[in-house]
1. Scan the stretch 104-137 for residues that are surrounded by 15 or more Cβ atoms within 10 Å (Cβ to Cβ) and of a type outside the set (Val, Ile, Thr) and report the count.
2. Quick one: is GLU54 in contact (Cβ under 8 Å) with a residue 12 or more places away in the chain, acidic (Asp, Glu) and outside any helix (DSSP H, G or I)?
3. Out of curiosity, is SER49 hydroxyl-bearing (Ser, Thr, Tyr), at negative phi and under 11 Å from the mean Cα position of the chain (by Cα)?
4. Looking at (1) more than 13 Å from LYS113 (Cα to Cα); (2) assigned to a strand (DSSP E or B), find the lone condition where GLY40 falls short.
5. Any residue that is over 15 Å from GLY114 (Cα atoms), within 21 Å of the chain's Cα centre (by Cα) and at pLDDT 90 or above - is there at least one of those in the stretch 19-29?
6. Among the residues in the stretch 40-49, are any closer than 16 Å to LYS10 by Cα, touching a residue at least 60 places away in the same chain (Cβ under 8 Å) and surrounded by fewer than 21 Cβ atoms within 10 Å (Cβ to Cβ)?
7. Which condition does GLY40 not pass, out of (1) at pLDDT 90 or above; (2) out of contact with any Gly (no Cβ under 9 Å at 6 or more places or on another chain); (3) small (Gly, Ala, Ser), if it passes all the others?
8. Could you check how many residues of the stretch 99-142 are charged (D, E, K, R), more than 15 Å from SER22 (Cβ to Cβ) and touching a helix residue (DSSP H, G or I) at 6+ places or on another chain (Cβ under 8 Å)?
Amino acid sequence: MGKTLSNVDKGTRQDLIIRLISEQPLGTQQDVVAALSGVGVEVGQATVSRDLAELGVLKVGNRYLALPHEPGAAGIEVLPSFVLGITPAQNLVMIQTRDGTAGAVANVLDRVKGLKIVGTIAGQDTVMAVAPDNAAAEEIADLVADVCRAKTRPAGNVE
């Protein structure tokens, strides 16, 4: 086993959490504790819970997603209000939105850490999200649908 980094500062630990969430399908606080341990950072579940809450990480379905906070930018919470329909088509996901909101939806999707999106193109009322393969497109469609059905919750809650 590698060197233990239990004395990493909070900012470094939180950056690691975001990186791990974007690289792995982590779905519980214990998964995050184990992933951190795998890179040599030993922390408890309570610390991870606080970090997830501070980072604004959401549990969507059975995994965590993180959306970096940018002042003035729309957050993932706008998706239920803006998204009208989701259609996966091979490695693409077509997302129908309310008129004039496609750009905001594309911006949110581009910023979510943990989604396997290569890129997005937005028109007036449609977003095309490009995934690396068909399975990733299905996963993106399912996660966006879960957010729109309000199957999300802050990740910092006790599990």
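1. Residues of the stretch 104-137 surrounded by 15 or more Cβ atoms within 10 Å (Cβ to Cβ): 104-109, 111-117, 120, 122, 125-131, 136-137.
Keeping just the survivors that are of a type outside the set (Val, Ile, Thr) gives 104, 106-107, 109, 111, 113-116, 122, 125, 128-129, 131, 136-137.
Of the residues in that region, 16 qualify.
2. Numbers: in contact (Cβ under 8 Å) with a residue 12 or more places away in the chain: yes; acidic (Asp, Glu): yes; outside any helix (DSSP H, G or I): no.
No; evaluated as a whole, the condition is false for this residue.
3. Working: hydroxyl-bearing (Ser, Thr, Tyr): yes; at negative phi: yes; under 11 Å from the mean Cα position of the chain (by Cα): no.
So SER49 does not fit the description; no.
4. With (1) more than 13 Å from LYS113 (Cα to Cα); (2) assigned to a strand (DSSP E or B) applied to GLY40, the lone miss is (2).
5. yes
6. Within the stretch 40-49, the subset closer than 16 Å to LYS10 by Cα is 40-49.
Filter once more, so that each one left must be touching a residue at least 60 places away in the same chain (Cβ under 8 Å): 49.
This time we only want the ones that are surrounded by fewer than 21 Cβ atoms within 10 Å (Cβ to Cβ), so: 49.
Checked the stretch 40-49: at least one residue is closer than 16 Å to LYS10 by Cα, touching a residue at least 60 places away in the same chain (Cβ under 8 Å) and surrounded by fewer than 21 Cβ atoms within 10 Å (Cβ to Cβ).
7. Tallying (1) at pLDDT 90 or above; (2) out of contact with any Gly (no Cβ under 9 Å at 6 or more places or on another chain); (3) small (Gly, Ala, Ser), GLY40 fails exactly one: (2).
8. Let us first name the residues in the stretch 99-142 that are charged (D, E, K, R), namely 99, 110-111, 113, 116, 125, 133, 138-139, 142.
Applying the additional criterion that residues be more than 15 Å from SER22 (Cβ to Cβ) yields 99, 125, 133, 138, 142.
Filter again for touching a helix residue (DSSP H, G or I) at 6+ places or on another chain (Cβ under 8 Å), leaving 125.
Adding up the residues that qualify gives 1.
The values are calculated or read from the model by the stated rules, or taken from the named source; none is laboratory data. This is a predicted model, so every value here is computed, not measured. Neighbour counts are summed over all protein chains in view; Cβ atoms, including those assigned to glycine, are modelled from backbone coordinates with ideal geometry.
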